[in-house]
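What follows is a short report on a single structure.
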Amino acid sequence: MKFNIRTMILHQIHDLGPRCFLRFTNTLGGPGADSPRRDRTTCTALAPSTLRDYLPAMTEWITAPGLTDYAEAVAFMEARAAAIAEGRAEELIWLVEHPPLYTAGTSARAADLLEARFPVHETGRGGQYTYHGPGQRVVYVMLDLNRRGRDVRAFVKALESWVIDALAEFNLKGEIRDGRVGVWIARPDKAPLFDGTMREDKIAAIGVKLRKWVSFHGIAINVEPELDHYAGIVPCGIQGHGVTSLVDMGLPVGMADLDDALRRCFARNFPPPAG
């Protein structure tokens, strides 16, 4: 089933507990898109400058059903990131799957597109070519680094640590390598490279973009995708090493299992920001 982003619920009411306000969120436009937050008792509109002062820090999680169109996902992320930067929306972790496609980051080299077996989308995230498709959990991370610290290196490191912690929930050791963004799995069971070094397979790719210090795009973790779909590209421009998945590593893990692990490990790597 293909998921159309326009089918998402546009109006959500969040009960924020003490000192509560009704919050109407609709970052895609339409009725309620710019409705002000109102005091629950008096129903008077809050001044825009006071919104962030009164609302507690929250990170919303949404899991999209079915397959999400890539162009629509990018449009939604851009709108949500703008709303976060303006204080009109909360941070968001958005969990999706896409139909088979390739994306080209800002550093993509034409020579690394070996065969356009699937649609190719140029995107503004960092990195080179990667694959998205069914069986891969794409985690779109829309966080406000104005409040979490304007440190891109620390942010990418936290994303890597988050993935590593989630993999550890399944007793799988993920590792990072200098000069190779993403999370890797050592493969002593495979023949070494020509220089004798151990082969490593990539299990998670990371590529982000910042606008007004709000992040979007994010992480792609292989649960059980068709790994031969990677044959049309040089993944992330890295020769010699391969790709793997949780199921390829012999783990009976489903998408919901990974989602639960990501939720459990999130606050450890991204504690609530200051007010």
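The values are calculated or read from the model by the stated rules, or taken from the named source; none is laboratory data. It should be emphasised that the depicted structure is a prediction, and the values quoted were computed from it without experimental measurement. With ideal geometry, Cβ positions are generated from the backbone for all residues, glycine too; neighbour counts draw on all protein chains shown. SASA here: full protein model, heavy atoms, side chains in, ligands and nucleic acids out. Shrake-Rupley method; radii C 1.70, N 1.55, O 1.52, S 1.80 Å.
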Out of the range 96-116, which residues are surrounded by fewer than 20 Cβ atoms within 10 Å (Cβ to Cβ) and among the aliphatic types (A, V, I, L, M)? Leu101, Ala110, Ala111, Leu113, Leu114, Ala116
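Just one of Pro31, Pro48 is within 28 Å of Phe270 (Cβ to Cβ) and modelled with pLDDT under 95; which is it? Quick ask: steps written out before the conclusion?
Numbers: Pro31 fails: within 28 Å of Phe270 (Cβ to Cβ).
Exactly one residue qualifies, and that residue is Pro48.
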Within the range 168-204, residues aromatic (Phe, Trp, Tyr) and under 23 Å from the mean Cα position of the chain (by Cα) come out as Phe170, Trp184
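Does Gly196 satisfy being small (Gly, Ala, Ser) and loosely packed, with under 15 Cβ neighbours inside 10 Å?
Numbers: small (Gly, Ala, Ser): yes; loosely packed, with under 15 Cβ neighbours inside 10 Å: yes.
Here the answer is yes, as Gly196 does meet what is asked.
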Pro134, sole failed condition from (1) touching a Pro at 6+ places or on another chain (Cβ under 8 Å); (2) at pLDDT below 95; (3) surrounded by fewer than 17 Cβ atoms within 10 Å (Cβ to Cβ): (2)
For the range 76-135, which positions are of a type in the set (Asp, Glu) and not in a strand (DSSP E or B)? Glu78, Glu86, Glu90, Glu97, Asp112, Glu115
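Say whether the condition of being open to solvent by less than 60 Å² (accessible area, probe 1.4 Å) and at pLDDT below 95 is met by at least one residue in the range 256-263.
Of the range 256-263, the ones open to solvent by less than 60 Å² (accessible area, probe 1.4 Å) are 258-259, 261-262.
From what's left, at pLDDT below 95: none.
For the range 256-263, residues open to solvent by less than 60 Å² (accessible area, probe 1.4 Å) and at pLDDT below 95: absent.
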Answer yes or no as to whether Trp213 is of a type in the set (Phe, Trp, Tyr) and open to solvent by 30 Å² or more (accessible area, probe 1.4 Å). yes
Does the range 116-123 include one or more residues that are closer than 19 Å to Glu200 by Cα and without any contact (Cβ under 8 Å) to a residue 40 or more places away in the chain? no
Could you please find all residues in the range 65-81 being open to solvent by 40 Å² or more (accessible area, probe 1.4 Å) and of a type in the set (A, V, I, L, M)? Leu67, Ala71, Ala75
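For Thr123, state whether it is hydroxyl-bearing (Ser, Thr, Tyr) and at pLDDT 80 or above. It would help to see each step written out before you state the result.
On the way: hydroxyl-bearing (Ser, Thr, Tyr): yes; at pLDDT 80 or above: yes.
The answer is yes for Thr123.
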Looking only at the range 137-162, count how many residues are surrounded by fewer than 19 Cβ atoms within 10 Å (Cβ to Cβ), of a type in the set (D, E, K, R) and under 20 Å from Ala83 (Cβ atoms). 2
Does at least one position in the range 239-249 carry a residue that is closer than 19 Å to Arg150 by Cα, more than 15 Å from the chain's Cα centre (by Cα) and touching a residue at least 60 places away in the same chain (Cβ under 8 Å)? no
